[in-house]
Every structure is written in C-alpha cells, then in structure tokens.
1. Check region 67-74 and report whether any residue there is under 17 Å from Asn25 (Cβ atoms) and touching a helix residue (DSSP H, G or I) at 6+ places or on another chain (Cβ under 9 Å).
2. Test Glu58 against the stated conditions and say whether it is outside any helix (DSSP H, G or I), surrounded by fewer than 17 Cβ atoms within 10 Å (Cβ to Cβ) and either acidic (Asp, Glu) or at pLDDT 95 or above (or both).
3. Report yes if some residue within region 7-30 is in a loop (DSSP other than H, G, I, E, B), in contact (Cβ under 8 Å) with a residue 40 or more places away in the chain, in contact with a helix residue (DSSP H, G or I) (Cβ under 8 Å, 6 or more places away or on another chain) and not polar (S, T, N, Q); otherwise report no.
4. Identify, please: which residue in region 9-30 is among the charged types (D, E, K, R) and surrounded by 14 or more Cβ atoms within 10 Å (Cβ to Cβ) and is, among those, farthest from Arg70 (Cα to Cα)?
5. Across region 34-55, what is the number of residues that are aliphatic (A, V, I, L, M) and either surrounded by 11 or more Cβ atoms within 10 Å (Cβ to Cβ) or free of Cβ contacts under 8 Å to residues at least 24 places away in the same chain (or both)?
6. Can you name the residue in region 31-55 that is of a type in the set (Gly, Ala, Ser) and part of a loop (DSSP other than H, G, I, E, B) and, of all such residues, is nearest to Arg75 (Cα to Cα)?
Amino acid sequence: MGVTSAADTGAIYFRVGEVVHAESNTLQGEEAFYWILSWELGIFACDESRPEKETIEESWDFLLMESLRRLETVRNR
C-alpha cells in the first residue's frame, strides 16, 4: 500500500493480514511504519505489490499500539 502526505511518501506491505515491511525515504522496517502512522494526513493507494524484503516481524496490533504510545509520548512533551 502506497502512502503519500504533503511532504513525504512511503509504503506499507502486508502478507496474509500482517505487516511485513514498511519504507519511507531513508527509513525501513518498524521505524518507517511508525513514521508513516505519525502523519496527520495521507493518501493511501492499495495495490498488490510485494516487498523486496521483509523487515517487520511484530504483529499488526503491537505495531499499532506502539505507534499510539509514541504519538502520546511526543504530544505530552
């Protein structure tokens, strides 16, 4: 799935419902996933492209909860 914001682009890849890779500019893996989920706005485009590599082993629910935790940490500073 391609993701585009006003200032950045990225991609999140899924296999059988699990996130297996994310990338955005120079970031890859979980850090890219967290970066993409921190964007306030974005346009999502779904396709069937496959990643060249799989860099994420955590479950999607862990990734989502960690994304929320990181956003809260930033907002509470």
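1. no
2. Considered against the rule, which asks whether it is outside any helix (DSSP H, G or I), surrounded by fewer than 17 Cβ atoms within 10 Å (Cβ to Cβ) and either acidic (Asp, Glu) or at pLDDT 95 or above (or both), Glu58 comes out as yes.
3. Yes, because at least one residue in region 7-30 is in a loop (DSSP other than H, G, I, E, B), in contact (Cβ under 8 Å) with a residue 40 or more places away in the chain, in contact with a helix residue (DSSP H, G or I) (Cβ under 8 Å, 6 or more places away or on another chain) and not polar (S, T, N, Q).
4. Glu18
5. Within region 34-55, residues that are aliphatic (A, V, I, L, M) and either surrounded by 11 or more Cβ atoms within 10 Å (Cβ to Cβ) or free of Cβ contacts under 8 Å to residues at least 24 places away in the same chain (or both) number 2.
6. Within region 31-55, the match that is nearest to Arg75 (Cα to Cα) is Ser38.
The values are calculated or read from the model by the stated rules, or taken from the named source; none is laboratory data. Just so it is clear, the model here is predicted, and its values are computed rather than measured. So basically every Cβ, Gly included, is an ideal-geometry build from the backbone, and we count neighbours across all protein chains shown.
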